[in-house]
Structure formats: C-alpha cells, structure tokens
Amino acid sequence: MAKLFDTHAHYTDESFLGKEELIRDIFAGDVGHIITVAVDAADSEKCVNLASQYENMFASVGIHPSEITEISDIPAEVAKLERHIAHNKCVALGEMGLDYHWAKAYAEEQKKLFERQMELAVETGLPVIIHDREAHGDTFDIIKRYEGKVSGVMHCYSGHAELAREYVKMGWYVSFTGVITYKNAQKNVESAQAVPLDRLLIETDCPYLTPVPMRKKKNHSGFLHYTAEFTAGALGVDYETFVETTTANAKKLFSIK
Ligand SMILES: [Zn+2]
C-alpha cells in the first residue's frame, strides 16, 4: 500500500514545537513523505534543520509574499537563502508568489521579491512552490515568462479550471488542500477534475486548512487522507491508485527517490 506525500506543511510553526511524537506517529501511519515549507529566511534555516531530523521530511527554502512588509532590501534578503539551499534536505524553493489579500499595497515590491526567487530557481534548477492569493493574473504572467526554465507547483490552488489547464500545459503541477472538502468548494472540485491525475498533488498546509470532518482541530499530516479520499472520489479514481499516483508525482517533481 503506497503512502501519502504531504507536499506542503509548516512544521516549524510554533504550534508544532515539541510535537516530535506526533510527527513520528504520522510517519508510522499512512504518510510517507512531508515537505516542510519556509516563509522567510530565518524559517528556511529552521526548515532544513527540522527536516534533517527525519529521514522522510524535506524542506523548501524561500520567502512568502506577505513577508514583504518586513523587508527593506530584497536582493540582500533573497541572498540569505543561498546557504540553506545548499543543505542536502532542501528540495524546492518557496513558498513564493503574490498575495493581494494581505499586502496589495506592496504589489510592485512583491513582484520584485517573487522574480528574484524565480531567478534563483533558474540558477539552481530547483522546482518552486507558488502561493497565489487573489493575484491569479499577475502570478500567471510572471510564471509564463519563465516557461521552460522553471517548473513547480501551484500550492493550495484557488483559481478556475481554465487557468489550471494553462499551468498543466506549461508542465506544472497543481495542488489541493483540505479546502476542497468544504461545502462551498465546487470551484476547487472542478479545477481538480481539470488536472490530469499525473499532475495533481495534495497537501495539508498545516497547521491551517483542516479538512472535513476534523475542522475543529488543528491540522496535521495525519489528516491528509481525508483530502485524498475526497479528491479521489471527486475524480472517480480508486483510493490506492490516487495515493500511488500523487506520491509518484511529488517524488518526480522534487527529485526524491
Ligand atoms: Zn503554506
């Protein structure tokens, strides 16, 4: 029986401090791999260090667009990532992108921060993890400019099915969280149905976005199977095939054996 791959989690979040036993239980259960994703330069260091404590935990190194309000010198801030990218547990860059929900006033600065990290992806050849909140058009425009040079995943995908097909055409992956299990998530279901199974990934984005029926609890990778079961059902694919394929997809994208 194949195990799940949680492609996007935040285990350096302070709510997971001292939760080594929970993480060990998760790996002993139905989750085979986890990528813990950074939100800024300091967190990138924490992510690679945490990942080195678990055989099948890997790290993504990068700066979240909402952090823009804390940054004065973008090139200097992005340069801080290089040391952590060299770590053997770093398998991706991100999360990076645009967030017009939280920091729309800084849209131009966000674009610079995003582009600088895309340049780093060109240099290193690493895949990227994209955060796009209420910025679908501008995010797509930047990614399109790097077509053929940078590949990656649209994390917690919230766009329309048509846009999802455009990313797939460019060779990208599209990832879904527990949000897809929510009552009002018909748009997410339609997007998942528009993505070929060999380009689909799943994730928790924990400690956020807990899937139904656990919504009152803090999210963790042990709840990923609820999202997997729901999505497999929406696609009309049997669970085993769904898990096998999405895990193989993640291993391919992030070059994990
Ligand atoms: Zn995240």
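Here are a few things to note about the model shown:
- The number of residues in region 51-81 being closer than 17 Å to HIS8 by Cα and out of contact with any strand residue (DSSP E or B) (no Cβ under 6 Å at 6 or more places or on another chain) comes to 4.
- Scanning region 93-113 for residues that are surrounded by fewer than 24 Cβ atoms within 10 Å (Cβ to Cβ) and under 14 Å from ASP141 (Cα atoms) yields ALA107, GLU108, LYS111, LYS112.
- Looking only at region 158-183, residues that are out of contact with any Lys or Arg (no Cβ under 6 Å at 6 or more places or on another chain) and open to solvent by 10 Å² or more (accessible area, probe 1.4 Å) come to 14 in all.
Here's the yes/no breakdown for (1) open to solvent by less than 50 Å² (accessible area, probe 1.4 Å); (2) within 13 Å of the ligand (Cβ to nearest atom); (3) closer than 24 Å to GLY178 by Cα:
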{"site": "LEU17", "(1), (2), (3)": "no, no, yes"}
{"site": "GLY32", "(1), (2), (3)": "yes, no, yes"}
{"site": "ASP43", "(1), (2), (3)": "yes, yes, yes"}
{"site": "SER52", "(1), (2), (3)": "no, no, no"}
{"site": "SER60", "(1), (2), (3)": "yes, yes, yes"}
{"site": "ILE63", "(1), (2), (3)": "yes, yes, yes"}
{"site": "SER72", "(1), (2), (3)": "no, no, no"}
{"site": "ALA76", "(1), (2), (3)": "yes, no, no"}
{"site": "VAL91", "(1), (2), (3)": "yes, no, yes"}
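- Test: ASN249 is in contact (Cβ under 8 Å) with a residue 40 or more places away in the chain and out of contact with any Gly (no Cβ under 9 Å at 6 or more places or on another chain): yes
- Residue identified as of a type outside the set (Lys, Arg), in contact with a Phe, Trp or Tyr (Cβ under 9 Å, 6 or more places away or on another chain) and farther than 16 Å from HIS8 by Cβ among VAL174, VAL168, VAL153, VAL243: VAL243
- Of ARG83, ARG116, all but one fail to be part of a helix (DSSP H, G or I), touching a residue at least 40 places away in the same chain (Cβ under 8 Å) and of a type in the set (Lys, Arg); the exception is ARG116.
- In region 132-150 there is at least one residue that is in contact with a Gly (Cβ under 7 Å, 6 or more places away or on another chain) and within 16 Å of the ligand (Cβ to nearest atom).
The values are calculated or read from the model by the stated rules, or taken from the named source; none is laboratory data. These numbers were taken from a predicted model, which means no experiment stands behind them. Glycine gets a Cβ as well: all are built from the backbone with ideal geometry, and neighbour counts include every protein chain shown. Heavy atoms of the whole protein, side chains included, go into the accessibility calculation; ligands, DNA and RNA do not. Shrake-Rupley method; radii C 1.70, N 1.55, O 1.52, S 1.80 Å.
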